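Structure first, then comments.
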Amino acid sequence: MRKGVLILVLFAFTALFAYGENNATKGNNYPNLSKADLKIKRGYSKEALKCIQCHSEKTPGIVADWKDGRMAHAGVSCYDCHVVKKSNPMASQCPGVKGTNIYISPMVSSKTCQKCHPTEVEQFLKSGHAKLAAAPVVDKAKFQKLMYHFEGGEFMGVKKGIGKNTATRRSGCQMCHGTKVEVKNGKPINGTWPAGVGTRYPDGGIGNCSVCHTRHRFSIEEARKPEACASCHLGPDHPNIEIYLESKHGQMYLTDGEKWNWDSAPDAWEPGDYRAPTCATCHMSGIGELSTTHNVNERLHWDLMHKKSVVRSGERGNGKKGRPLMKKVCQNCHSKTQTDATFETLDDSVALYNEYFEKADKMLKDLKAKGLLKKDPWSDSFQELYYFLWHHVGRRARMGAAMNGPDYAHWHGFFQLFQVFKDMQEIYNYRIKHNKIEEVSFVMSSAPL
Amino acid sequence: MRKGVLILVLFAFTALFAYGENNATKGNNYPNLSKADLKIKRGYSKEALKCIQCHSEKTPGIVADWKDGRMAHAGVSCYDCHVVKKSNPMASQCPGVKGTNIYISPMVSSKTCQKCHPTEVEQFLKSGHAKLAAAPVVDKAKFQKLMYHFEGGEFMGVKKGIGKNTATRRSGCQMCHGTKVEVKNGKPINGTWPAGVGTRYPDGGIGNCSVCHTRHRFSIEEARKPEACASCHLGPDHPNIEIYLESKHGQMYLTDGEKWNWDSAPDAWEPGDYRAPTCATCHMSGIGELSTTHNVNERLHWDLMHKKSVVRSGERGNGKKGRPLMKKVCQNCHSKTQTDATFETLDDSVALYNEYFEKADKMLKDLKAKGLLKKDPWSDSFQELYYFLWHHVGRRARMGAAMNGPDYAHWHGFFQLFQVFKDMQEIYNYRIKHNKIEEVSFVMSSAPL
Amino acid sequence: MRKGVLILVLFAFTALFAYGENNATKGNNYPNLSKADLKIKRGYSKEALKCIQCHSEKTPGIVADWKDGRMAHAGVSCYDCHVVKKSNPMASQCPGVKGTNIYISPMVSSKTCQKCHPTEVEQFLKSGHAKLAAAPVVDKAKFQKLMYHFEGGEFMGVKKGIGKNTATRRSGCQMCHGTKVEVKNGKPINGTWPAGVGTRYPDGGIGNCSVCHTRHRFSIEEARKPEACASCHLGPDHPNIEIYLESKHGQMYLTDGEKWNWDSAPDAWEPGDYRAPTCATCHMSGIGELSTTHNVNERLHWDLMHKKSVVRSGERGNGKKGRPLMKKVCQNCHSKTQTDATFETLDDSVALYNEYFEKADKMLKDLKAKGLLKKDPWSDSFQELYYFLWHHVGRRARMGAAMNGPDYAHWHGFFQLFQVFKDMQEIYNYRIKHNKIEEVSFVMSSAPL
């Protein structure tokens, strides 16, 4: 393998003398690449070759990965994406460029990707994905209200020192949501990096494209497969991959997917290339008369994530335009009758959930008015159940119904929703009857995960 | 892709003039196809070609899917399975046949499949799969006793209107169990369709074959892969796919399955074509001296689904004949010693579970006799635990032992069984000692799922 | 398939007369094979051919499996691994060797594998894998303290007879941990076999190599795939496969792994053959300057399995030498900056867990000193939560952080850790305040699995 890379490098050096020239002289912050260059120039610059040569020794895995990808075939190398201006806040120098006027950033934000993929990044920036770092990571006050996290203070009797330990945020939340990267001498400060899709970079870029198109292959094929979404869209609070894989669509993917044609061009990937849709097919890919979009909110109708389900609009979606788009996806394979029946089941599931949520919300407000809620919501069984009602079981019921995953809609969804709701009623009745909060509330550790 | 379909259609038209003729004149309810035709006739009828042509535009995915399948290669097209007599209760007309004397049914029951696959459907109709719609969907009274569902009345304080919302049944139960399809003007009424394997159709047919052989490929390969079973046989109450995939059999499938020969003819698919069995291998496929069966109950011994495990007989199985059949499967790869050891472990696991169940059942009857059970079983901790004992953890223990999934047999099975049983004992002791039902019973929302 | 085997056998018979000779005359306990033989001899002995011939009829699956493997290509057959001296405690005779002086053992311990693979077995014997049968299976007293198991006595009111039922051990624990095989007339006694990786055999051998290299293929490819580890490293108490598959590494495996080069020689399998590491890559395989090891403890730093996390040393690991080895693995693809950031997140996660554990441990000791613990830990909510704190949620938090699985680090880990800890505090406070154990403790059946 490594020998192969060296041969490539030698070949590329030869190519350099025939065709190459140093591109590193253009006048913007990310100077090295434009679409025009790609069409005309061949071979790698001397500097680019140095990167490749050194990294094929030091980190051969990523060079091998790049070498087989579409980027390499288009002549895009390390140099094109990682070299930045000295003034870039993420600028630093690796040993290979020490003493030169070349500065690099190991981190690459969507700002760099945007140079060749402007439409994709523009669409992405309109999506919920671009806003993910806000609530749980950047806006800490909101964060603490939502979850068990505490930084910089006392928490449940654990002493202050450890209270500053940000391990839960770093090992959990920010891995998917992203974070705000902070730098010192151009290098990311540990704990503020690496992070997920919504990451906010010091260069002002928002979005880590390599979450779905993993580096250094950056393939379209990978992002079309459901597992690309699965490293974040899983688990007790939004088991999207679990629901997909248990649906008939998922069954067809698992039993037949290895034969599908994953590498068609965008907008050319159509039913027939695949037997069943993946996450990307319905939410992003071109299909029939629809064009590819990197705004995952575009084809959505209901908000199934938050407390009460309403039609997504404004920042959260496409209003009434979402559903007709999604129906167009379905009707590439399904009749209008079946499509309508499926959406009606979703609508009724949402309505049923909303009824329960509103009733639960009324109880909460009632108890609050009567002074029958504990101050710390996380040591109050009623408030914990309220959280699980909408954040866990309510989502599972709604999402299971939306994506045809009966096990999640039922057992992990409505079945548990009914149980949680009834338990809330019992607590509510106890507090109202005795006009006090029950003493023994230590029953929540086995939350309906 | 779509262009390819059009070319196919043009080619087929040409073929039509050479060989084709209209088959739509035979004298039964499903007039278009017999085995004899398949052997002699070539090309598609004019009507069949019209279906293909129109749907290759409107729903290209399903046409592409059909085109690559064995059905298309045998000359079976849309027309052969979807055209019905006008008198068929599922008969309607799509725009393409409006004004003709052709009637179609988008729904296809096992009655149609049976015309070419009589043995398979006959075997299927003897299996538990064919009876699945009964208890949870059609017999609503039984259903409500078993689960948290309520239609057409007040439920846990949620107002009557929403009580009529059948979303939980439609998004959950009937997706696997099937339902009784109701029609209006030949079209299925939303909410009574689509549904799972046990579906009962207005034409009297029972069974939705496309659950395992998904449309419009209908492949044998798919149904041999474990994921075909997994969209129903999963989750907290019968985690069959989870148990399989964690077994050594599953390990071999996951690490090597992509190389196996999945497409052998029925009864010709033998060890060597695969390294390890899938669900189908043990429960359905021909192997060694055994022939293929679509009666999944045939090789079963114990009933591991219901309250007390007994040998399956009558409607539920093959009596004492089940086990010798299954042992024959095992002994294609395993010694008699190992086969016997494995079944002995299962027998002992069943015996252990039965002991716990009987003790739990005795407590239940005792509390009932003493008036110490709540009327609504779903707001009575003891009765909820009783349900989880047999319906969830007890099944997991027994099924984990049956299929060699140690994580399920232990952690999700016997480990939890012991905990549930002990909690039942504590509640029992409390009620007996104080001769009353405990006031605070709001602890069940985190049921042992 | 079976016909193919017969042809092979006939061919091999022919080969026998040209090259073969009976190897069964060497002077040790496992007489039939040495590396030298493999290099020189061709063809199978008459006895070996008889095994093949008979088993290709009786258990064609395993013969087909063997035939395609590297063992068969190296001339190693049934005879070489299964024939033992008459004096071997596992010696018996199948019908095929009855009346001859040939004795066989269907069971094969690492002692046999060691003859050709001495380094691998030597490394394995130093690993935790080789010690797995001890605590939960062989040392029953320790076992009962840890888990819900009881053999040979009364257990929770279930009568003594069933108390002797070892089904839970046989269907659960020993399937992964291994057991101590007992024999009668050379045959394994049901219930003491078959079993997992740490199995102790009557011939003194420790270790069942076929757990990862499943019989009768024994492939390196299989053991490199994550699912080989997954049949044991899964579930609520150490969800290693779940964590891996949700990590970016797992995403790359799931989306691209079918194209990887799985079959390179040991130490020649390098990044570029794969896009992302599997379990084996990091914990066992040769990579860069590191050589392959079958001691899975070698590259570990923290003990993430036991109560308080400390650096693994002595029997449990490589002390301070573990981490630098693992960092060398990472740096084949990742920068020092990113590698360090990741390990710092792990260290902080371990520190945070340890703080909680120590505080929980202090409460336990305090309650014990005050006589406020029940005698049976399994009917005492506080002690059950203590067990879940370290054995379940604490492991998930730590392992999730170690392997970059944010869903497990957070939702199944720290999120639940905080809930369990707080519930322990509530129980503690109640007992201290009232100086008694609460009466209603029946809330633990829904443990945080």
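The values are calculated or read from the model by the stated rules, or taken from the named source; none is laboratory data. Remember, it's a predicted structure, so these values are computed and weren't measured experimentally. With ideal geometry, Cβ positions are generated from the backbone for all residues, glycine too; neighbour counts draw on all protein chains shown.
Structure notes:
- For the stretch A:303-325, the count of residues that are basic (Lys, Arg) and buried (at least 20 other Cβ atoms within 10 Å of the Cβ) is nonzero.
- Assessment of the stretch C:70-82 against the conditions (closer than 23 Å to C:ASN185 by Cα, out of contact with any Phe, Trp or Tyr (no Cβ under 9 Å at 6 or more places or on another chain) and assigned to a loop (DSSP other than H, G, I, E, B)) yields no matching residue.
- Test for B:ALA401: is it farther than 29 Å from A:PHE421 by Cα, facing chain C (nearest Cβ under 9 Å) and free of Cβ contacts under 8 Å to residues at least 12 places away in the same chain: no
- The number of residues in the stretch B:238-250 that are part of a helix (DSSP H, G or I), under 20 Å from B:HIS306 (Cα atoms) and within 13 Å of chain A (Cβ to nearest Cβ) comes to 3.
- A:THR112 vs. criteria under 26 Å from C:CYS330 (Cβ atoms), in a helix (DSSP H, G or I) and among the β-branched types (Val, Ile, Thr): yes
- In the set (1) surrounded by fewer than 18 Cβ atoms within 10 Å (Cβ to Cβ); (2) at the interface with another protein chain (Cβ under 7 Å from one of its Cβ atoms); (3) over 33 Å from the mean Cα position of the chain (by Cα), the condition left unmet by A:GLU355 is number (3).
Residues are listed down the side, and each one gets a yes or a no for (1) touching a Lys or Arg at 6+ places or on another chain (Cβ under 7 Å); (2) modelled with pLDDT of 95 or more:
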{"site": "A:GLY69", "(1), (2)": "yes, no"}
{"site": "A:HIS73", "(1), (2)": "no, no"}
{"site": "A:TYR79", "(1), (2)": "no, no"}
{"site": "A:SER105", "(1), (2)": "no, yes"}
{"site": "A:CYS113", "(1), (2)": "no, yes"}
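- Failed condition for B:THR339, given (1) surrounded by fewer than 21 Cβ atoms within 10 Å (Cβ to Cβ); (2) in contact (Cβ under 8 Å) with a residue 24 or more places away in the chain; (3) within 23 Å of B:THR278 (Cβ to Cβ): (2)
- Members of the stretch C:35-64 that are at pLDDT below 85 and either assigned to a loop (DSSP other than H, G, I, E, B) or within 17 Å of C:GLN93 (Cβ to Cβ) (or both): C:LYS41, C:ARG42, C:GLY43
- Taking the conditions (1) buried (at least 22 other Cβ atoms within 10 Å of the Cβ); (2) facing chain C (nearest Cβ under 8 Å) in turn, B:PHE382 satisfies each one other than (2).
- Residues of the stretch A:251-280 classified as closer than 26 Å to A:LEU125 by Cβ, at the interface with chain B (Cβ under 10 Å from one of its Cβ atoms), touching a residue at least 12 places away in the same chain (Cβ under 8 Å) and not hydrophobic (A, V, I, L, M, F, W, C), total: 1
- Selection status of B:ASP376, more than 25 Å from A:ILE427 (Cβ to Cβ) and surrounded by fewer than 19 Cβ atoms within 10 Å (Cβ to Cβ): no
- Within the stretch B:193-237, the set of residues being over 24 Å from B:ASP68 (Cα atoms), at the interface with another protein chain (Cβ under 9 Å from one of its Cβ atoms) and not small (Gly, Ala, Ser) comprises B:TRP193, B:PRO194, B:CYS232, B:LEU234, B:PRO236, B:ASP237.
- Yes/no for C:SER77 being among the hydroxyl-bearing types (Ser, Thr, Tyr), crowded, with 17+ Cβ neighbours inside 10 Å and within 21 Å of B:GLY272 (Cα to Cα): yes
- Here A:PRO226, A:PRO277, A:PRO266, A:PRO236 are screened, and the one residue that is touching a Leu at 6+ places or on another chain (Cβ under 6 Å) and either farther than 20 Å from C:ARG275 by Cα or of a type outside the set (S, T, N, Q) (or both) is A:PRO236.
- Filter pass, C:TYR428 being surrounded by fewer than 22 Cβ atoms within 10 Å (Cβ to Cβ), over 30 Å from C:GLU289 (Cα atoms), at pLDDT 90 or above and within 11 Å of chain A (Cβ to nearest Cβ): yes
- Residue within the stretch B:274-288 that is surrounded by fewer than 19 Cβ atoms within 10 Å (Cβ to Cβ) and among the charged types (D, E, K, R) present: no
- Residues of the stretch C:285-296 that are in a loop (DSSP other than H, G, I, E, B), under 17 Å from C:ALA223 (Cβ atoms) and touching a residue at least 40 places away in the same chain (Cβ under 8 Å): C:SER285, C:THR293, C:HIS294, C:ASN295, C:VAL296.
- Put simply, of C:LYS320, C:LYS308 the only residue that is in contact with a helix residue (DSSP H, G or I) (Cβ under 8 Å, 6 or more places away or on another chain) and more than 13 Å from chain A (Cβ to nearest Cβ) is C:LYS308.
- Looking only at the stretch A:169-193, and only at residues there that are in contact (Cβ under 8 Å) with a residue 60 or more places away in the chain and outside any strand (DSSP E or B), the one that is surrounded by the fewest Cβ atoms within 10 Å (Cβ to Cβ): A:ASN185
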